[in-house]
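Beneath this line is the structure, given in structure tokens, with notes to follow.
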Amino acid sequence: MRSMWPGVLPVCSRLQTSLAQILLSAALLGSLSLSAAASPSVWVFTTKQLPPLKRMELAHQVFVLDDIEKPLNALKFQYPGNDDKAQQHANAILNSQKGQALLAQIKRNARSVAIAWQFGITRLPAVLVDEQYVVYGEYNLHIAVDRVARYRHAR
């Protein structure tokens, strides 16, 4: 859907398209609020590879969509020759401080990707305002929020 306002698009949300996705949403979003707030809710979707965004203090949530493969690969180990030793080694890795940090990183990355997918985010960086409007390619949150405000005012 094209907007007459450059860079402001209504969100094509994929929320509530099926019971399975609703359950996934509830599990992944946990304590995130999906209702509109009195002041604009600003969510940012980016990666570590992109240049830093400006005015990040305006963001309520930041979702970093980085590769899940890197932390998964860090959990790999050489097969020790039998299943019992492999299970002990895997448990030792997963229960270690490093293993727990890697599992937390995998969970964060997967959660960020799932939320981006649910809101139909197709390009990065993306600034989602009030879970209704997305601005792509803007690296200054103040400008993105202002574009949405002008778009809303013109409607």
I'd like to verify a number: residues in region 81-102 that are surrounded by 13 or more Cβ atoms within 10 Å (Cβ to Cβ) and more than 17 Å from K48 (Cβ to Cβ), how many? 6
Within region 58-98, residues being in a helix (DSSP H, G or I) and in contact (Cβ under 8 Å) with a residue 60 or more places away in the chain number 1
Number of the condition not met by V135 [criteria: (1) of a type outside the set (S, T, N, Q); (2) touching a residue at least 60 places away in the same chain (Cβ under 8 Å); (3) assigned to a strand (DSSP E or B); (4) open to solvent by 50 Å² or more (accessible area, probe 1.4 Å)]: (4)
Among the numbered criteria (1) at pLDDT below 50; (2) among the hydrophobic types (A, V, I, L, M, F, W, C); (3) closer than 20 Å to H142 by Cα; (4) exposed (fewer than 14 other Cβ atoms within 10 Å of the Cβ), which single criterion is violated by L19? (3)
Region 70-107, residues that are farther than 29 Å from T47 by Cβ and within 30 Å of the chain's Cα centre (by Cα): A90, N91, A92, N95
Which listed residue, of Y151, Y139, is over 11 Å from the mean Cα position of the chain (by Cα), of a type in the set (S, T, Y) and at pLDDT 95 or above: Y139
Quick one: how many residues across region 28-57 are modelled with pLDDT under 55 and either more than 23 Å from A114 (Cβ to Cβ) or assigned to a loop (DSSP other than H, G, I, E, B) (or both)? 9
Residue under evaluation A114, criteria (1) open to solvent by 30 Å² or more (accessible area, probe 1.4 Å); (2) in contact (Cβ under 8 Å) with a residue 40 or more places away in the chain, criterion not met: (1)
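The values are calculated or read from the model by the stated rules, or taken from the named source; none is laboratory data. Bear in mind the structure is a predicted one, so any value in this text is a computation, not a measurement. Here Cβ is always computed from backbone atoms with ideal geometry, including for glycine, and neighbour counts include all displayed protein chains. Accessible surface areas use protein heavy atoms only, side chains included; no ligands, DNA or RNA. Shrake-Rupley method; radii C 1.70, N 1.55, O 1.52, S 1.80 Å.
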